[in-house]
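Contents: one structure, followed by commentary.
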Amino acid sequence: MNKGKKYAQNGALVFGIGNAIINAFKQLNSNDPNSEFDWSQLFVAAGKGALVGGTGGLILGAIRDNKMNKVLLEFNSVPNYLHKTLNHYKDDNTLLLNKAEQLKSNFQSKFKSELALKPKITGSVVKGTSIYGSDVDIQLCFKKDFGSIASVYDTISDYIFDELKIKEIKEIREQKHSIGIGIQLENEVKRIDIIPTRLIENGKNDVQLFVNKIGFFEKSTYKKTNHEKQMLSLKLNYREQRIVRLLKIWKVENNLKIKSIFLEWLAKKSFESKPITNKIEKDLTNVIYFIARNIEFIRIVDTANSNNVISNTLTYEEKSSVSRFCFNMLDNLRVDKRNIIDYFPSLEPTI
């Protein structure tokens, strides 16, 4: 079904029923006690509403159809459109990474004797799954005997707020696990998150991660993690990284409330059940189908901490909402594969 026909049907239905309800309300609330309910008047009102709604829907649908056709004419096919979407969301992190290297040097110089390991850049930039707007993370690993993880966090926070002098810094804020630094780079502010950790046992990479209080009655605590294990467990090849980047774009464009780490794990599980084919459109819909079928029931545990159940970051109701969204999307794609444009950036053609 093309957009014009679909929008016309929906418009006729909504406006027809709406106008009929308005007419019925007016008749039932008439000031004339002798007036009888006029069914013919009701049907005429419904017809007029359907005509107006259908015409408006047809026009809007035709505009949408035309735009979709232009997009696919510009990019020749859905796979080319998806590749263009990746390029559209591609971020040149060169300047941000240069600034991150500067910060690494600052922390290394200031805390050299207290650090168990040199400061290290982690996160999606290193994993190859970052999109435009992604943060850069710097992990600081302090020695086991430095003190509590709370004192580690406070030490780094105090240094950033009071001593770190970099002119491009525009904002600093304490976050759940990190201290976020907003860096002015050309015409926009980008973020670098500093993650303080404390070594648990010498010779291993297990660390304590501070969990800052976020509510008035909550208490700060900590949890165990291991970034090396996490990186290895989510190691993806280039084609898999490409699909994960598309999923992150899909998440942003549709305002889906799902953490990136959960999304990456769902993609990883999907790749394990059905290997990548190098057909970008098919690979993407395979993962979305996997999410639709499994998100409500799958259990995913952090490889670095068995007490951290990643799949519990969403409630069952939230998972069900994501599942329904995925199934509806797949239904729309089966009707017309051009509908993929409804779920990704509306790239304006240059023709």
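Please treat every number below as a calculation from the coordinates, not as lab data. Since the model is a prediction, treat every value here as computed from it, not as a measurement. Here the Cβ positions follow ideal geometry from the backbone for every residue, glycine too, while neighbour counts run over all protein chains shown.
Rounded to the nearest whole Hz, the Karplus-based 3J(HN,Hα) values (6.51 cos²θ - 1.76 cosθ + 1.60, θ = phi - 60°) of segment 146-153 follow the sequence 5, x, 6, 5, 5, 5, 4, 4, with x at glycine and proline. The ranking of Leu266, Leu236 from fewest to most other beta carbons within 10 Å of each one's beta carbon is Leu236, Leu266. For chymotrypsin sites (Phe, Trp or Tyr not before Pro), the sites in segment 225-318 that DSSP calls loop and that have at most 10 other Cβ atoms within 10 Å are Phe297. In order along segment 176-184, the Karplus-derived 3J(HN,Hα) couplings, from 6.51 cos²θ - 1.76 cosθ + 1.60 at θ = phi - 60°, round to 4, 10, 9, 10, x, 10, x, 10, 7 Hz, and Gly and Pro are given as x. Here's the picture: charge each Lys and Arg Cβ at +1 and each Asp and Glu Cβ at -1 in the chain, and of Val125, Ser35, Gly180 the one pushed furthest to the positive end of that dipole is Val125. Amide H to amide H distances under 5 Å link Ile169 with Gln184, where only residues 5 or more positions off or on other chains count and H is placed in the peptide plane.
Which ordering of Ile341, Ile288 is given by a fewest-first count of other beta-carbon atoms within 10 Å?
On the way: Ile341 19, Ile288 24.
Going from least to most buried by this count: Ile341, Ile288.
For the chain, the longest piece that avoids every one of the trypsin sites (Lys or Arg not before Pro) found in DSSP loops with at most 15 other C-beta atoms within 10 Å covers 1-89.
Here each label is just a point 7 Å from Cα along the line to Cβ, and for Ile166 and Lys259 those points are 2.5 nm apart. Across the chain, the longest run free of exposed loop sites, meaning GluC sites (Glu not before Pro) lying outside DSSP classes H, G, I, E and B with no more than 10 other Cβ atoms within 10 Å, spans 219-351.
222 nm [θ] for the chain, helices only, -39500 (n - 2.57) per DSSP H run of 4+, per residue, to 500? Walk me through the intermediate numbers first.
Details: 11 runs with 182 residues, N = 351.
Taking each H run of at least 4 residues, the total per residue is -17500 deg cm²/dmol.
Paramagnetic label reach from Asn237 (point 7 Å along Cα→Cβ; backbone nitrogen cut-off under 14 Å): within segment 243-276, residues 243, 271-276. Placing a pseudo-label 7 Å from each Cα along the Cα-to-Cβ vector at Lys279 and Asn29 gives an inter-label distance of 5.7 nm. Listed by chain and number, the aspartates and glutamates whose C-alpha is less than 12 Å from the C-alpha of Lys337, apart from same-chain residues fewer than 8 away, are Glu281.
Distant-in-sequence amide contacts of Asn308, defined by a placed amide H-H separation under 5 Å and a gap of 5 or more residues or a different chain, comprise Asp302.
Starting from the coordinates of the alpha-carbon atoms of the chain, obtain the Kirkwood hydrodynamic radius over all distinct pairs and give the value in Å to one decimal. Don't skip to the end; give the middle numbers.
Details: mean 1/r = 0.0415 Å⁻¹.
Computed over Cα pairs of the chain, the Kirkwood hydrodynamic radius comes out at 24.1 Å.
Note on Lys112/Asn76: beta-carbon distance plugged into 1/(1 + (r/R0)^6) with R0 of 41 Å gives a FRET efficiency of 0.15. Residues whose amide H lies under 5 Å from that of Val211, counting only those 5 or more places away or on a different chain, are Thr221, Tyr222, Lys223; hydrogens are built 1.01 Å from N in the peptide plane.
Treating only the Cβ atoms of Lys and Arg (+1) and Asp and Glu (-1) as charged, compute the dipole magnitude of the chain about its Cα centre; round to the nearest 20 debye. Numbers along the way, then the final one.
On the way: 53 positive and 40 negative charges, 207 e Å.
Once rounded to the nearest 20, the dipole reads 1000 debye.
Averaging the Cα positions of each part gives two centres, and for segment 75-111 and segment 240-313 these lie 21 Å apart. Among the chymotrypsin sites (Phe, Trp or Tyr not before Pro) in segment 108-149, those located in a DSSP loop and surrounded by at most 15 other Cβ atoms within 10 Å of their own Cβ are Tyr132. Each of Leu263, Leu140, Leu97, Leu234 has some number of other Cβ atoms within 10 Å of its Cβ, and from fewest to most they run Leu97, Leu234, Leu263, Leu140. Simple point charges give the picture: +1 on the Cβ of Lys and Arg, -1 on the Cβ of Asp and Glu, and for segment 67-194 a dipole about the Cα centre of about 380 debye. How much net charge surrounds Glu186 when only other residues with a Cβ under 12 Å from its Cβ are counted (Lys, Arg +1; Asp, Glu -1)? Value of the local net charge: -1.
For segment 229-243, backbone phi angles converted through the Karplus equation (6.51, -1.76, 1.60; θ = phi - 60°) give residue-by-residue couplings of 4, 5, 5, 5, 6, 10, 6, 10, 7, 4, 5, 5, 4, 4, 5 Hz, Gly and Pro being listed as x.
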